[in-house]
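Down below is the structure, laid out as structure tokens.
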Amino acid sequence: MVKVILTADKTLTSEYNKHVFLGFAACAPSFIPTWLYELIFCPPTPLEDGRLRYAHCGQRKIEASLLASGFSEEDVAVVPPWLLNQTITKDTKVIGITTHDPLGLGPASTTFSQLGGKEAYTSIYFRRLISTPKIRDYGVKVIVGGAGSWQLTDERIMAKLGIDSVVIGEGEITAVDLVKKAIAGEKLPMIVQGEVAPMERIPQIRNPTLNGLIEIARGCGRGCRFCTPTMTHYRCFPIDYIMQEARLNIEAGVGIIFHAEDVLRYKAKGFTPNENEVVDLFTEGRKLTSSIGISHFAHASVVAKPTLIERLSEIMEVGSRSCPFISGQVGIETGSPRIIASQMKGKVKPFAPEAWPDVVRESHQILAQNKWIPAETLIIGLPGEKPKDVEQTLDLIYDLGKYKSLIVPLFFVPLGNLQGKGFFTLKDATPLHWQLLGACISHDLKWVPSIADENLKAVEMNPMKRWAIKQVIRYIDRRLTPYLKLMAEGTNPLTTLMTD
Ligand code: SF4
């Protein structure tokens, strides 16, 4: 008798062909039909008795919190969106939906859907999920949370989509309270700030996560003005706690991805990494599996402790066939020390804002020497940005051309302390912005084939999928090359694209 169903849209219900970073394709404009997108980037994850064998880490934390608060395994089911209609019964009282980008308003989706002129997959699939007929037919209460829930904090949008409650921030305490209220038939508050959970209220996962992703720390504390306030509370999980979650995943057939906003700062007291703690963490992980990945790190941490990168590469035998390189997401955001000082001075600590471009260059050198390939973001149109700031960023991107990496330019989206400022849109783009966009895309086109090649060699994959991925890369390269010439001159190529 399932009372509570936890689900997420299809873009969050996949192992992404064993490459977690392929998950970012969900933010791309829907150029290829959804069946092809699903085949290459987002195949469905396996099921066990109608429930997900692997689920989003956030869903697993809510599932564990519900079980810890007295719900039984029969009460709670984590199911994929394509089984929602058949799982909902008259006994179902609540559906909890985890979101990342439900309306396609996140930085990556807004950027690429404007450039591509098509809706992002994220919002297409969220719409499909929220339109599941039985949700309305059975009057099930809908509670939405996750990193993208800020996009739904408008009562008109909630009413239109049939959402009863939106949780912003952490869910371990607040989401469980809401579920209990819904089951008791109480009226739910529409928009709720999630209570920050103390470590003892964050239970360990009970079931495996997608790609083996587990949290090693929560929050950040660097205080970038465009980031969400929930990032202010920085906490690290004990190593035993992390290893128990890792073991559970490994026994279920996946590896480990350590997740934190900066994995290198695990157990650091300030902004300089605690080398021994991070080395211990990876050493313990390596005893369990050779398949260890990381989600995010920071350039400032790399430069503050270069020996740490070297030691981690040794532990993980980076350069071997099973681990050709390490990749993780990392923010460059800007090449302008002035913008760093005004919007994100914590990002460069323990260094001073003026040092930022040199920190980024030095970090790339250290990473390249140790076979780390950063997947980087850049923000275009931050408030107060001047042409000189864009020029400095452009210079930095040109300097980074010799380092194997991916640089993803993102249009500014007003979040955190910058809520209320305008979104950056294509009509705000100056010739310098076009040059910068073109420089990033050219950089990526230069490196994507070799990164994909190394990556594809390291995993077992159906030759048909391997071939399809290579064809998509070649197609994108061919399609974009003529337009990059226009962008290098500072020209908007979209009018040409549209008439092509
Ligand atoms: S470093 Fe990243 S996670 Fe931390 S505050 Fe800045 S943007 Fe947020």
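Which residue, of 381, 346, 293, is in contact with a Ser or Thr (Cβ under 8 Å, 6 or more places away or on another chain) and of a type outside the set (S, T, N, Q)? Steps first, please.
Values: 381 fails: in contact with a Ser or Thr (Cβ under 8 Å, 6 or more places away or on another chain); 346 fails: in contact with a Ser or Thr (Cβ under 8 Å, 6 or more places away or on another chain).
Of 381, 346, 293, the one residue that is in contact with a Ser or Thr (Cβ under 8 Å, 6 or more places away or on another chain) and of a type outside the set (S, T, N, Q) is 293.
When you look at residue 302, is it closer than 22 Å to residue 390 by Cβ, within 16 Å of the ligand (Cβ to nearest atom) and of a type outside the set (Asp, Glu), yes or no? Can you show your working first?
On the way: closer than 22 Å to residue 390 by Cβ: no; within 16 Å of the ligand (Cβ to nearest atom): yes; of a type outside the set (Asp, Glu): yes.
Criteria not met by residue 302.
Considering each of 162, 169 in turn, give the residue that is assigned by TED's automatic domain parsing to the domain that holds residue 77 and within 15 Å of the ligand (Cβ to nearest atom). Full working, then the answer.
Working: 162 fails: within 15 Å of the ligand (Cβ to nearest atom).
Only one candidate passes the filter, namely 169.
Yes/no matrix, rows are residues, columns are (1) outside the structural domain of residue 109 (by TED's automatic domain parsing); (2) surrounded by 19 or more Cβ atoms within 10 Å (Cβ to Cβ); (3) aliphatic (A, V, I, L, M):
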site: 28; (1), (2), (3): no, yes, yes
site: 31; (1), (2), (3): no, no, no
site: 49; (1), (2), (3): no, no, no
site: 57; (1), (2), (3): no, yes, no
site: 63; (1), (2), (3): no, yes, no
site: 67; (1), (2), (3): no, no, yes
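If you check residue 234 against the conditions, is it farther than 23 Å from residue 352 by Cα, free of Cβ contacts under 8 Å to residues at least 40 places away in the same chain and aromatic (Phe, Trp, Tyr)?
Working: farther than 23 Å from residue 352 by Cα: no; free of Cβ contacts under 8 Å to residues at least 40 places away in the same chain: yes; aromatic (Phe, Trp, Tyr): yes.
No; evaluated as a whole, the condition is false for this residue.
Let me spell it out: the conditions are (1) farther than 25 Å from residue 256 by Cβ; (2) under 25 Å from the mean Cα position of the chain (by Cα); (3) at pLDDT 95 or above; (4) of a type in the set (Val, Ile, Thr), and residue 94 meets all of them except one. Which number is the exception?
The number of the failed condition is (2).
Among the strands (runs of 3 or more DSSP E) lying completely within region 180-282, list those that include at least 1 residues that are within 16 Å of the ligand (Cβ to nearest atom) and in contact with an Asp or Glu (Cβ under 9 Å, 6 or more places away or on another chain). Explain how you work it out, then say what you get.
On the way: elements: 191-193, 213-215, 256-259.
Counting at least 1 such residues, we get 213-215, 256-259.
Enumerate the pairs (first residue in region 285-298 and away from the ligand (no atom under 16 Å from the Cβ); second residue anywhere and of a type in the set (Lys, Arg) and in a loop (DSSP other than H, G, I, E, B)) with beta-carbon separation below 7 Å, excluding pairs fewer than 6 apart on the same chain, so at least 6 apart or on different chains.
Once the first residue is away from the ligand (no atom under 16 Å from the Cβ) and sits in region 285-298, no partner that is of a type in the set (Lys, Arg) and in a loop (DSSP other than H, G, I, E, B) comes close enough.
Within region 342-387, how many residues are β-branched (Val, Ile, Thr), within 16 Å of the ligand (Cβ to nearest atom) and within 18 Å of residue 264 (Cβ to Cβ)?
At the first step, the residues of region 342-387 found to be β-branched (Val, Ile, Thr) are 348, 359-360, 366, 373, 377, 379-380.
Narrowing the set further to residues that are within 16 Å of the ligand (Cβ to nearest atom) leaves 348, 359-360, 377, 379-380.
Next cut, within 18 Å of residue 264 (Cβ to Cβ) only: 348, 359-360, 377.
Within region 342-387, residues that are β-branched (Val, Ile, Thr), within 16 Å of the ligand (Cβ to nearest atom) and within 18 Å of residue 264 (Cβ to Cβ) number 4.
Cβ-Cβ under 7 Å, sequence separation 6+ or interchain: first residue in region 409-436 and within 21 Å of residue 488 (Cβ to Cβ), partner among the acidic types (Asp, Glu). Which pairs?
432/391
Here's a check for you: in region 167-185, which residue that is more than 23 Å from residue 90 (Cα to Cα) and β-branched (Val, Ile, Thr) is surrounded by the fewest Cβ atoms within 10 Å (Cβ to Cβ)? Walk me through it before giving the result.
Quick first cut of region 167-185, residues more than 23 Å from residue 90 (Cα to Cα) only: 167-174.
Of the ones still in play, those that are also β-branched (Val, Ile, Thr) are 167-168, 173-174.
Working: 167: 23, 168: 21, 173: 17, 174: 23.
In this case the residue turns out to be 173.
Take region 57-77 and flag every residue that is assigned to a helix (DSSP H, G or I) and small (Gly, Ala, Ser).
We begin by selecting, within region 57-77, every residue assigned to a helix (DSSP H, G or I); these are 57-68.
Selection gives 58, 64, 65, 68.
Name the residue that is nearest to residue 455 (Cα to Cα), counting only residues in region 397-411 that are assigned to a helix (DSSP H, G or I) and of a type in the set (A, V, I, L, M, F, W, C).
Filtering region 397-411 down to residues assigned to a helix (DSSP H, G or I) leaves 397-402.
Next cut, of a type in the set (A, V, I, L, M, F, W, C) only: 397, 400.
On the way: 397: 24, 400: 21 Å.
Top of the filtered list is 400.
The values are calculated or read from the model by the stated rules, or taken from the named source; none is laboratory data. Quantities reported herein were computed from a predicted structural model and do not represent experimental measurements. Counting neighbours? That spans all protein chains shown, and the Cβs are built from the backbone with ideal geometry, glycine included.
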